[in-house]
Amino acid sequence: MAETRKATFAAGCFWGVETDFRKVEGVLDAAVGYIGGTVENPTYQQVCTSTTGHAEAVELEFDPDKVTFEKLLDLFFTMHDPSQVDRQGPDVGSQYRSAVFYHDEDQKISAEKVVAELSKSRTIATQIVPSTTFYRAEEYHQQYHAKNGGSCGI
């Protein structure tokens, strides 16, 4: 088995993003959390104020022999509206922004290629930024849909 890799995506409400990625063969784990902000160990309540700079995100561990980063990017761009600025569906605020937090230069290049292609037909608001510290969200957020049912706009 090849070494596992990480991918981190923000696409609005992290519950739905996590649920969708967990269905993908080759995704070994998915955790919801916060990334891209200035506060260490933020809480959900802090992130919801849109003042910490964090995005609700999902960090994946995946097997690149079973699913490529490019396939994960394709899924990411189809599971949400990447043209929205700081919102997805009814969720509004900078914590709901669209972003790819790349872990290496190859991920950055792949994400930039996809955004360039999509930008030929519409404006894309997705940020492509280096991965920073990922703070795992509170346990009640992990696998929220599996524990509680329901759905969100993703």
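Out of curiosity, is Ala99 part of a loop (DSSP other than H, G, I, E, B) and surrounded by 14 or more Cβ atoms within 10 Å (Cβ to Cβ)?
No, not satisfied.
Give Pro42, Pro64 a once-over and let me know the one that is closer than 19 Å to Lys6 by Cβ, modelled with pLDDT of 95 or more and assigned to a loop (DSSP other than H, G, I, E, B).
Answer to the check: Pro64.
Within region 61-84, identify whether any single residue is within 10 Å of the chain's Cα centre (by Cα) and more than 17 Å from Ala125 (Cα to Cα), and answer yes or no.
No, that holds for no residue.
Scan region 110-139 for residues that are over 17 Å from the mean Cα position of the chain (by Cα) and without any contact (Cβ under 8 Å) to a residue 40 or more places away in the chain and jot them down.
Lys113, Ala116, Glu117, Ser119, Lys120, Ser121, Arg122, Glu139, listed by residue number.
Check Gly33, Gly37, Gly16 and return the single one that is of a type in the set (Gly, Ala, Ser), in a helix (DSSP H, G or I) and surrounded by 16 or more Cβ atoms within 10 Å (Cβ to Cβ).
Answer to the selection: Gly16.
Checking Ala99 against (1) at pLDDT below 95; (2) within 18 Å of the chain's Cα centre (by Cα); (3) on the phi < 0 side of the Ramachandran plot, which single condition isn't satisfied?
So the condition that Ala99 fails would be (1).
Please state which one of Thr19, Thr68, Thr78, Thr51 is touching a residue at least 12 places away in the same chain (Cβ under 8 Å) and either in contact with a Cys (Cβ under 9 Å, 6 or more places away or on another chain) or not aromatic (Phe, Trp, Tyr) (or both).
Going through Thr19, Thr68, Thr78, Thr51 in turn, the sole match is Thr19.
Those residues that are touching a residue at least 40 places away in the same chain (Cβ under 8 Å) and either farther than 19 Å from Ser119 by Cα or part of a strand (DSSP E or B) (or both), I need them from region 85-96; list them, please.
Arg87, Gln88, Gly89, Pro90, Asp91, Gly93, Ser94, Gln95, Tyr96
Yes or no, residue by residue, for (1) buried (at least 18 other Cβ atoms within 10 Å of the Cβ); (2) part of a loop (DSSP other than H, G, I, E, B); (3) not acidic (Asp, Glu):
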{"position": "Phe21", "(1), (2), (3)": "yes, no, yes"}
{"position": "Asp29", "(1), (2), (3)": "no, no, no"}
{"position": "Glu56", "(1), (2), (3)": "yes, no, no"}
{"position": "Ser83", "(1), (2), (3)": "no, yes, yes"}
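The values are calculated or read from the model by the stated rules, or taken from the named source; none is laboratory data. Predicted, not measured: the structure shown is a model, and the values here were computed from it. Cβ coordinates were reconstructed from backbone atoms using ideal geometry, including for glycine residues, and neighbour counts include every protein chain displayed.
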